[in-house]
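> This is the structure I want to talk about, given as structure tokens.
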Amino acid sequence: GGPESRMMVMNNPPRWWPNWMGEPRLVHGLLTLTDLEGRIRIQDSVHFGIRQVEWVQEEDSAGRSFGFRVNGRPCFIQGANWVPTDLWPQESDTTRSALLLDRAVEAKLNMLRVWGGGHYASDDWMNRCDRLGLMVWHDFAYACAMFPLDSGFRAEALVEAEEQVLRLRPHPSLVLWCGNNETEEGWFNWGWVKEMGYSATDSLEVWQAYQNFFHRDLPELLRYRDADRPYHPSSPANGWGRER
């Protein structure tokens, strides 16, 4: 901050709450960027929600819990998977999508998981979740497969991930990032190694590439670009009652 910077202070700000816990109150404002001569260079309307969401993982008799606290209060999750409403992304944000989100609220749901085998959520879809109090668990776009994590693929994948993180992180409804859908489960419990005829060396290389990307690269990106939100490498993963 130089002399032109401004700090906004809010006393007793309205809190954003998930559906059936309270009102998903949003703060609306006008963002203005001026140059040193006072000329407006960028001006845009913005909305944001003020809330604290904690991912609770505590050791228990069965292994480790998986829950959430919102604004200091335990939150019982009632949720569903969200899969694309249309094959083509540009056709997915239709009246049907809005109707389904409204129906989710009527059914007392408070979280939707954007499945890793589908599309990244659009701004309009996320805006509606913000307004309705629907928390969003968002998978990165990887599902049910191991990926060719050579240097070229890795570089492109990280550019894509960063673009999506920067686009989606302003939304108060977004509460959790997840690396992929069922990849770890498939590797350990669906017989992929045997099915693909991997040797011990092959298996080690493929698994190491998986760990590098989902346990190192994506978490590191999030530490720099969205450090306040938790990250879960794969769903489901260890802790759900089965030994590897």
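> Quick check: is even one residue across segment 11-25 modelled with pLDDT under 85 and either closer than 16 Å to residue 171 by Cα or open to solvent by 70 Å² or more (accessible area, probe 1.4 Å) (or both)?
yes
> One residue is enough: does segment 142-156 have a residue meeting the conditions of a type outside the set (D, E, K, R), at pLDDT 95 or above and either under 17 Å from residue 80 (Cα atoms) or not in a helix (DSSP H, G or I) (or both)?
Looking through segment 142-156, at least one residue is of a type outside the set (D, E, K, R), at pLDDT 95 or above and either under 17 Å from residue 80 (Cα atoms) or not in a helix (DSSP H, G or I) (or both).
> Which of the strands (runs of 3 or more DSSP E) contained wholly in segment 60-105 include at least 1 residues that are free of Cβ contacts under 8 Å to residues at least 24 places away in the same chain and surrounded by fewer than 12 Cβ atoms within 10 Å (Cβ to Cβ)?
73-75
> Could you list all residues from segment 26-45 that are within 24 Å of the chain's Cα centre (by Cα) and surrounded by 12 or more Cβ atoms within 10 Å (Cβ to Cβ)?
Residues satisfying the conditions are 26, 27.
> With the checklist (1) open to solvent by 70 Å² or more (accessible area, probe 1.4 Å); (2) in contact (Cβ under 8 Å) with a residue 40 or more places away in the chain in hand, flag the one item residue 181 doesn't pass.
(1)
> How many residues does segment 189-211 contain that are modelled with pLDDT of 90 or more, among the aliphatic types (A, V, I, L, M) and either at positive phi or open to solvent by 80 Å² or more (accessible area, probe 1.4 Å) (or both)?
Qualifying residue count, segment 189-211: 1.
> While we're on this one: Whether any residue in segment 212-231 is within 15 Å of the chain's Cα centre (by Cα), buried (at least 19 other Cβ atoms within 10 Å of the Cβ) and either basic (Lys, Arg) or more than 30 Å from residue 24 (Cβ to Cβ) (or both) is what I want to check.
Checked against the condition, which is being within 15 Å of the chain's Cα centre (by Cα), buried (at least 19 other Cβ atoms within 10 Å of the Cβ) and either basic (Lys, Arg) or more than 30 Å from residue 24 (Cβ to Cβ) (or both), segment 212-231 yields at least one hit.
The values are calculated or read from the model by the stated rules, or taken from the named source; none is laboratory data. All of these numbers come straight from a predicted model, not from anything done at the bench. Cβ coordinates were reconstructed from backbone atoms using ideal geometry, including for glycine residues, and neighbour counts include every protein chain displayed. Ligands, DNA and RNA are excluded from the accessible area calculation, which covers all protein heavy atoms including side chains. Shrake-Rupley method; radii C 1.70, N 1.55, O 1.52, S 1.80 Å.
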